[in-house]
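One structure is given below, encoded as structure tokens.
Taken together, the values in this text are just the output of simple stated rules run on the coordinates, not laboratory data. None of the values given here were measured: they were computed from a predicted structure. Here Cβ is always computed from backbone atoms with ideal geometry, including for glycine, and neighbour counts include all displayed protein chains.
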Amino acid sequence: MKKWLERWKNMRLVNRLILMNTVLISIPLIISSWISSIGYSNSIQANVGRYQADVVREFTANTDVFMNELVLLSVTPYQSPELLNYLEQSGSHSREMDIYEQRLLLESFVRRILVNGRVDVTGVSLLSDHARSYVELPDSPGRFAEAADEERVLPVGTKLSGKGYFAAPHALLSDNGSTYEVFSIIRQIRSLENGRPLGTLVINVPEEALIQRIRNLESSQTSAFAMVDQQGNYIYRSSAFVLTDQVLTGYRGEGTLTLDNDGQPVLLTYQTSPVTGWTVLQAVPLSVLLQDASRINQQMIWLGGLCLLLSVLLSVIHSMRITRPLSRLRDSMKLVERGQFDIELPARNMDEIGHLSRAFNMMVSRLGRLTYRLYETEIREKNAQIASLQSQINPHFLYNTLGSISMYAELEDNREIVQMTGHLSALLRYSIGGEHTDVTIAQELEHVRGYLAIQQIRYGERLSYEVDAPEQWLNCPMIRLTLQPVVENAIVHGLERGRGNVHIVIRVCQEAGSVKMMVQDNGPGMEEHELAEQNDKMNKGVLPEGPGGHGLVNVHRRIVLKYGQAYGLRLHNLEEGGLQVSIIVPAALQIPDARQA
Amino acid sequence: MRQQWKNYKNPGRKLWVLAVAVVVLLLLAYSMYALESNRRQDTVSQLALKGNVGEANDTIQIHFWTPFSGGDISFMQELVRQYNEQNTDHIQVTMKNNKLDDYYTKLSTAIVTEEAPDVAVVHASMYAQYIPAQFITDISTVSTQSGVQWNRFNPAILKRTVTDGRHYGLPLDTHFSVLYYNKKWLEQAGVYKDGQVIIKPGEEGFMEFLQTIQRKVPADVAPLAVPNVRIDSLWLWWSLYAQMEGGGMLYTPDGSRALLNMPAARQSLEQVASLYDQQLIPPDINNATIQFAQGKAALLFLGVWSIGSFEQVEGLDFGVMPFPQIYDKPGSWGDAHTLAFPVHSDQDPRRLAAAVKFAEWLANHGAVWGKAGHVPAVRDQAASESYLSLPYRREYAGAADDVEYFPEHPKQSEVNDALVNELEKLWYGKQTVDQMLDRLEPLINGILKE
């Protein structure tokens, strides 16, 4: 955890922003689309369920209107006191009415039910508990009942009650031997006086009247209906009704629920008619109902994914826009660190980054100006010093004086003085006549020879030297007065502080694209720590305190400033003793002729 | 510096964590809610089976049938409305009033065809038929559960709703025939002075009283108005017959055969006939109640149930007195309204309990119901100041003890129908008193045999 936190903290700003934006955008987007997708399919399901319930309810209500007609028909006996009287007669009193009268009464009663103008009734049976029963079966005339008639007209499972009982469609055998599919309302007739059961009225209606109503409802795949009776037996079942091997008796009342039918969820709506006690069921596979919903869900997923992608892309771009000026600022800062002050950041916007860039630009330009002023001051100071020095030396006076000395020496025939003044004059001319800084190796060597000639007069036999300079390098450009200080250093260390003779060798050679001038002496060399100290001084350009010791450092710095870090002085002790100082400058066959241009 | 920064940072970070946690929690809660609320509920209601689809929200629909054809219906409607508003048991009572003439045919048919209401007003005189026929429910157990206090009811009425120690109904009231009088006409006839109706005892006294009125009032004012086409004239005869010592009987004690006290029956019948003969009861009364309300009748023989509605008639200055004692003892025809619970083959105990609750509430608001004129069956209601402070109640409430019910017999309503027929024939001159009395016993025996 801590590691992760640490990693997070050290992550690049742009990555952090992108990561955070992505998470912040995608999580709510995914959650909300997830919820809405579930909610959508649920609400579709709920709506379909409600719609289905409405269809079933309407169908039930429709059927009930029809069935209520039957219910009304079956109450007819109570409207006829004569009939009730007939039914109340026990066997002994039935003689009060003769057969003809009885038949007339029953016939007219049955006729009233058969010809009612509303419902197509095919058969009526009045089964009396006390008097003679009367039946009128389909396609046969009415007659008094036989012993077997009761079994024939009362379907199995009939529950006799004062409330009409609706018997599911069943076969009814007519007197002519043909069979009719009918459903019936069966009502027990009870005495209004004492509640005693008097008989049973059975009214038969052709099955088609009912089946046709259900068929009218079946138009599409989603309307698969079934109808079951009070015991859960099928009255009707459309071919598309998917529920198989389910016990449907449990579904009584009204409801909508989801069932599992062989692994396939099915939406079941049912309603039991309060009139008939029959239950209408509608069962539709959820997959059929939710076809539309799943298609729209898919579209939503695509759209959501697209939105996610787009927003992530936008957040990446945005993060980059924020962080790019920052990285540019950082890069510029690095450049300034290296001493580059001519940088300007674009600062078009007025936002924080714009302000920052402007402030940075201001800072850098001020810094540059300050640095420049510092250099200028230093240079001016040096120039002033040099100018004063030069003005103090009057070269013509010096040359004239030296010329006079040389003339007097010749008159006195003193060759040494003549030679010395001649060399000194040349040395001075070379050193002071400073109009050309760029010289050739040959000029430097000439200058050093003059210098050594003077020193030889001074030290006599103790100083000897040799110069080994191949012809082709003599025109190689060189910085003025670089060789002489090195040679002087060798003489100072070898002769003035040491004992014995000093032999100086000056050698010019080429080494990997540069020219190397080596000045070797045969002195004691330098201690290793002195050597390191000297190298360090030269690299840092620090001038030693106090007089002396400036020579080598100055020469090195001048070469480095002019040609770069790859050039300069290199010091090391020779194996046979003595110090070797190499001056390394770029190799060129002649001075680049910038002045002639 | 670093310390400071830390101190500054910590509460901020805590706030951040808190805010993020809250947002995440809200998001989670919302998603749970959204998922839950979108879940499709399986809706299953068994109540639809009972034929009351609207009952899903636990309201119990109670159907209540009444046979009120006097002015009392408006008082019952008001009571039912009050109950529907006030009851806290989610009981909704739907009331249906029926004409008394067809009421019992209709109720019986509804009971045998299983279409009966949950509670119905049943006259106490019908219990003799309805209990053996198993038309009404034994509520002994339910009433115990509901805490019905039987001792609050008038025992004389209560005993008619009890058979073999089982309770079959809650008495609501008792009602009986009284004499309504128009004070203006009685004053004019000189038989009403200082708030007292002056009437001499006995048959002659009563006749003289009526004859005086007949002489003194305009010809278009009926001395005594009795509705002549309905059962009312039977009530008049029965009141007189029952006032006699040994009268008021129709059957042998075991109820198997007809048995009348012939002399008493003859005397009372002749008395009533003479009222018609002398046109003390004019023959062509179309609607006696309206005639009295319009001031076109000096006296009206009618049940107490119209008092409330007469009170609302403007300009009618009337009084109420018990039916006068003409023979051996005071008394007039009467009956009691009770609340009974028709039998259903698959009775829903919740509905029965609700119906009993409603019935008990009604009985306990007897004083309000008494505004219609009836005497409440709950004793503390009948004795309550709110009831007795109503006009005339003090004068006739006492007569509740002298009520003469029809005999308790399963065939009584059929016998009544037959008697009304015979009486009508008599009033219209189709038969004489003797002829009618000769026919009476065979006629009743014929009905009993069926």
Among A:THR371, A:HIS355, A:GLN340, whose Cα sits farthest toward the positive end of the charge dipole of segment A:339-390 (+1 at Cβ of Lys/Arg, -1 at Cβ of Asp/Glu, about the Cα centre)?
A:THR371
Run the helix sum for the protein assembly as shown: -39,500 (n - 2.57) per DSSP H stretch of 4+ residues, divided by residue count, reported at 222 nm to the nearest 500 deg cm²/dmol.
-15500 deg cm²/dmol
Computed over chain A: longest principal axis from alpha-carbon atoms vs helix A:99-114 long axis, angle to nearest 10 degrees, is 20
Using a cut-off of 18 Å between alpha-carbon atoms, which aspartates and glutamates can reach A:LYS159, once sequence neighbours fewer than 8 places away in the same chain are excluded?
A:ASP129, A:ASP149, A:GLU150, A:GLU151, A:ASP229, B:GLU114, B:GLU115, B:ASP346
Where a ≥ b ≥ c are root eigenvalues of the Cα gyration tensor, a/c under 1.5 meaning rounded, otherwise prolate if a/b exceeds b/c and oblate otherwise, segment A:466-586 counts as oblate
Suppose every K and R has +1 on its Cβ and every D and E has -1 on its Cβ; what is the size of the dipole of segment A:148-192 about the Cα centre, in Debye to the nearest 20?
360
Would you list, by chain and number, the lysines whose Cα falls below 16 Å from the Cα of A:LYS540, excluding same-chain residues fewer than 8 positions away?
A:LYS562
Residue mean of other protein chain beta carbons inside 10 Å, A:39-49
3
Folded to 0 to 90 degrees: helix A:291-337 orientation relative to chain A principal axis, Cα:
10
Give the order of B:SER74, A:SER357, A:SER184 when sorted by the count of other beta carbons within 10 angstrom, beginning with the fewest.
B:SER74, A:SER357, A:SER184
Hey, got the average number of other protein chain Cβ atoms within 10 angstrom for residues in B:23-30?
1
Placed amide H near A:SER128: partners under 5 Å, 5+ positions off or other chain:
A:SER133, A:TYR134, A:THR200
Quick check for me: using +1 on Lys/Arg Cβ and -1 on Asp/Glu Cβ, what's the dipole size of segment A:339-390 about its Cα centre, in debye to the nearest 20?
140
So if I place +1 on the C-beta of Lys and Arg and -1 on the C-beta of Asp and Glu, and nothing else carries charge, what would the dipole magnitude of segment A:28-135 be about its Cα centre? I want it in debye, nearest 20.
320
For segment A:466-586, calculate the relative contact order in percent as a whole number, restricting contacts to Cα pairs under 8 Å that are 6 or more residues apart.
27
Which peptide among A:475-481, A:62-68 comes first, and what is the full order, when sorted by highest mean count of other Cβ atoms within 10 Å?
A:475-481, A:62-68
Cβ under 12 Å from B:GLY331's Cβ, B:GLY331 left aside: what net charge do those residues give with Lys, Arg +1 and Asp, Glu -1?
-4
Nearest 5 percent is fine: what portion of the DSSP beta bridges confined to chain A is antiparallel?
90
In the neighborhood of B:LEU388, defined by Cβ-to-Cβ distances under 13 Å, what is the net charge if each Lys or Arg adds +1 and each Asp or Glu adds -1?
+1
Where a Cα-Cα gap under 25 Å defines reach, which lysines qualify for A:LYS9, not counting those fewer than 8 residues away within the same chain?
A:LYS334, B:LYS6, B:LYS9, B:LYS14
Which ordering of B:MET244, A:MET362 is given by a fewest-first count of other beta-carbon atoms within 10 Å?
A:MET362, B:MET244
Compute the long axis of helix B:73-86 from its Cα atoms, compare it with the longest principal axis of the Cα atoms of chain B, and write down the angle in degrees, 0 to 90, nearest 10.
20
Please name which of A:GLN534, A:GLN565, A:SER184 has its Cα lying farthest along the dipole of chain A towards the positive end, using unit charges on Cβ (Lys, Arg +1; Asp, Glu -1) and the Cα centre as origin.
A:GLN534
So what's the gap between the Cα centers of segment B:389-443 and segment B:186-205, to the nearest angstrom?
26
How big, in percent, is the set of alpha carbon pairs in chain B lying more than 41 Å apart?
30
Per-residue Cβ neighbour rank within 10 angstrom, fewest leading, B:ARG393, A:ARG462
A:ARG462, B:ARG393
Mind listing the Cα extents of chain A along all three principal axes, in Å, largest one first?
203, 51, 44
Choose one of B:GLN291, A:SER273, A:PHE225: the residue whose Cα lies farthest towards the positive end of the charge dipole of the protein assembly as shown (beta-carbon charges +1 Lys, Arg; -1 Asp, Glu; about the Cα centre).
A:PHE225
Per-residue HN-Hα couplings for segment A:25-33 [Karplus 6.51, -1.76, 1.60; θ = phi - 60°; Hz; x = Gly/Pro]:
7, 6, 4, x, 5, 5, 4, 5, 6
B:THR105: net charge of surrounding residues, Cβ under 12 Å, Lys/Arg +1, Asp/Glu -1, itself excluded?
-3
